[in-house]
Amino acid sequence: MNKVMTRNKPTTGAPRHPGGRPPVRHDTRRPGPAPRRSAPGGGTSRTAAAPAAPDPSGPVPQPRPTDLFADRLVSVLSGRRPVHSMLRHTAGRAYDELAWLVERGPLRTRGSHPVVRDIGYYVPRPGAIEAFARIGAGDTLRAMAFRLECGPDHRWRCTAVELGGPRMPRADGD
């Protein structure tokens with residue numbers, strides 16, 4: 001059975017909603033709509049196309065690994081989370097690079113907290129994602145790049161992190 005909504009004339013005394021749409025129910029557990037971000041494999045910017053509204057009866061879409069890691073990295077680099085919270089989410093030199101960056105406090109700001117404005121990515125091979133994120137805090141905009149690799153346990157781990165500016169010095173054996 002297909003339902004069709006028709007626009008009825010408002011009755012006297014009934015509140016009129018802009019655009020003729022009734023008010024929507026909001027989930028009190030979610031403060032607002034989820035940010036639109038690109039999906040790994042598609043390569044488009046999150047501003048290119050808006051995702052369809054989630055079907056209330058269907059499954060809830062899971063956050064993408066690029067979204068999760070960008071938010072985690074920004075939280076650590078801004079000082080809202082300790083660097084050791086990324087131990088199980090990093091592999092190789094990524095933790096050392098992250099700790100080196102945190103010591104310099106590149107995203108610590110007064111006033112507004114840094115937020116992820118946009119995420120893009122490139123898939124060089126299956127099981128690897130090279131992502132970039134635009135980080136905004138007030139009027140400043142910074143760039144962050146990171147690489148994710150899917151391990152044998154099917155978990156994504158960050159294997160490299162970079163921000164604009166000086167890079168961590170490499171040892172002779174690297």
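The values are calculated or read from the model by the stated rules, or taken from the named source; none is laboratory data. All figures in this text were calculated on a predicted structure; none of them were measured in a lab. Positions of Cβ are generated from backbone atoms using ideal geometry, with glycine treated the same way; all protein chains shown enter the neighbour counts. Calculation scope for accessible area: heavy atoms of the full protein, side chains included, ligands and nucleic acids excluded. Shrake-Rupley method; radii C 1.70, N 1.55, O 1.52, S 1.80 Å.
Here are D67, D71: which of them is acidic (D, E) and open to solvent by 20 Å² or more (accessible area, probe 1.4 Å)?
D71
Give me a count of the residues in segment 116-142 that are more than 12 Å from A160 (Cα to Cα) and open to solvent by 70 Å² or more (accessible area, probe 1.4 Å).
9
Listed here are the residues, each with its yes/no results for (1) in contact with a helix residue (DSSP H, G or I) (Cβ under 8 Å, 6 or more places away or on another chain); (2) not in a helix (DSSP H, G or I); (3) not small (G, A, S).
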{"position": "V74", "(1), (2), (3)": "no, no, yes"}
{"position": "R81", "(1), (2), (3)": "yes, yes, yes"}
{"position": "M86", "(1), (2), (3)": "yes, no, yes"}
{"position": "G92", "(1), (2), (3)": "no, yes, no"}
{"position": "L98", "(1), (2), (3)": "yes, no, yes"}
{"position": "L101", "(1), (2), (3)": "yes, no, yes"}
{"position": "L107", "(1), (2), (3)": "yes, yes, yes"}
{"position": "S112", "(1), (2), (3)": "no, yes, no"}
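I'd like the full set of residues that are part of a loop (DSSP other than H, G, I, E, B) and without any contact (Cβ under 8 Å) to a residue 24 or more places away in the chain, limited to segment 127-144.
Once the filter is applied, which keeps residues that are part of a loop (DSSP other than H, G, I, E, B) and without any contact (Cβ under 8 Å) to a residue 24 or more places away in the chain, segment 127-144 yields G127, D139.
Suppose we filter segment 127-151 for residues that are among the hydroxyl-bearing types (S, T, Y) and modelled with pLDDT of 90 or more; how many remain? Step through it out loud before you land on a result.
First pass over segment 127-151, keeping only residues among the hydroxyl-bearing types (S, T, Y): 140.
Add one more test, that the residue is modelled with pLDDT of 90 or more, and what stays is none.
Residues that pass the stated criteria total 0.
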